[in-house]
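The structure appears below as structure tokens.
The values are calculated or read from the model by the stated rules, or taken from the named source; none is laboratory data. Note that the structure is predicted; figures quoted are calculated from it, not measured. Note that we place each Cβ from the backbone using ideal geometry, even for glycine, and neighbour counts take in every protein chain shown.
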Amino acid sequence: MDQSVPLVQFVNRPGVIDLAWGHPDPDLLPVEGLRNASARVFERYGADALNYGYAAGPGPLIDWLCGRLSDVDGRAATPDQVVISAGTSQALDQVTTLFTKPGDVVLVESPTYHLAVRILRDHPLELVPIAADEDGVRVDALHERLVDLKRGKRRVAFLYTVPTYNNPTGASLAMDRRRQLAELASAERLVIIEDDAYRELSYDGSAPASLWSLAEPGAVIRLGSFAKSLAPGLRSGFITADVATIKRIRESGLLDSGGAISHFSSLVVAEFARTGEYSRNVERLRAAYRQRRDALLAALSEHLKGLASWGRPAGGYFVWLTLLESQSLTGFPGAAEAEGTAFMPGTAFYPEASSGVDSLRLSFSRYPPEALAEGARRLGNALRRHQADVR
């Protein structure tokens, strides 16, 4: 029977290697493990698993998470510094609702996660871009903008940044800049919203320390997620912040009504983690994605050498390409589609208009290594054809 409404966001198109979407490969999702964890949740909790849960999220997940953060970030959270969320998107929307006023300025690194920009634009705020480079957001540019805004008596609600394995660039904020940013936040009483969704997906050693772990209490609200390290359909994540901020979030009407956190999904994550399956799953994902990253980078070197430049992401899902000689991507998406591949144009990731016209994002999460290599070959063919057409 035909389905009139789609089941999932992304559906493979026959003959197309679509490198635009930052989604996991279905073959890497732990279906059996989560099925078994769900059964154990019912055995352990019975009907309580299906009732309204504790507003901050169930204790078993919060307790486990506090220890996990100590392992992957070097700083353990206490239970009163944590609240469970429905993922980073819901968390960003709720934090924006609770801690901004109409007309506030929100600073956004540029380029940045395009859907975060859309979430922020759902609110009556003014988005102000802060330039970033290969080492992450430029703290000098941030300081200059803060001085200008203070001179104009503008209220800055927060800075939004993805400092670790950035979406879209794959870059991580350099450690000296992390410390400078933490110091600046304290000096200027600037709140930082740290989108930390990719922390678990580190391929070349441990992920760098989070801003939350480096900054003084109250300076950083960190948004974490199980979408990348486990499964996006669970809609489960977390927020870490100072005790007062977490208290405000916990006491919000949305959480008090049971309207945000999936109690059942949270218990499934906790049960999956309790048996050690979460840690094993993360190691499996790291190995798989490391192999995919390396395959894509090797293929780019073979097929796009002399056409574009790119970095080597130490984690996450993405490789960021910049065309040489500042060529425009106008018309290039169509050329790529004709070759049987696709990408995300760089313009999607800039809050300001007309930026990123010579850049693009590729995702290596969805396809196995051989498909990624073929996708890079097609992309190289498309770029050569595009360049010939515009000359």
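Looking at (1) on the phi < 0 side of the Ramachandran plot; (2) at pLDDT 95 or above; (3) surrounded by 19 or more Cβ atoms within 10 Å (Cβ to Cβ), find the lone condition where Asp63 falls short.
Failed condition: (3).
Being without any contact (Cβ under 8 Å) to a residue 24 or more places away in the chain and surrounded by fewer than 21 Cβ atoms within 10 Å (Cβ to Cβ) narrows it down to one residue among Ser4, Ser38; which is it?
Unique residue meeting the criteria: Ser4.
Specify the residue that is surrounded by the most Cβ atoms within 10 Å (Cβ to Cβ); the eligible residues are those in region 366-391 that are among the charged types (D, E, K, R) and touching a residue at least 60 places away in the same chain (Cβ under 8 Å).
Across region 366-391, the extreme among qualifying residues is Arg366.
If you go through region 279-321, how many residues are without any contact (Cβ under 8 Å) to a residue 60 or more places away in the chain and surrounded by 17 or more Cβ atoms within 10 Å (Cβ to Cβ)?
3
Of the conditions (1) closer than 26 Å to Ser202 by Cα; (2) among the hydroxyl-bearing types (Ser, Thr, Tyr); (3) surrounded by fewer than 23 Cβ atoms within 10 Å (Cβ to Cβ), Ser363 clears all except one; give me its number.
So the condition that Ser363 fails would be (3).
Select from region 41-56 the residues that are surrounded by 12 or more Cβ atoms within 10 Å (Cβ to Cβ) and not hydroxyl-bearing (Ser, Thr, Tyr) and list them in ascending order.
Val41, Phe42, Arg44, Asp48, Ala49, Leu50, Gly53, Ala55, Ala56
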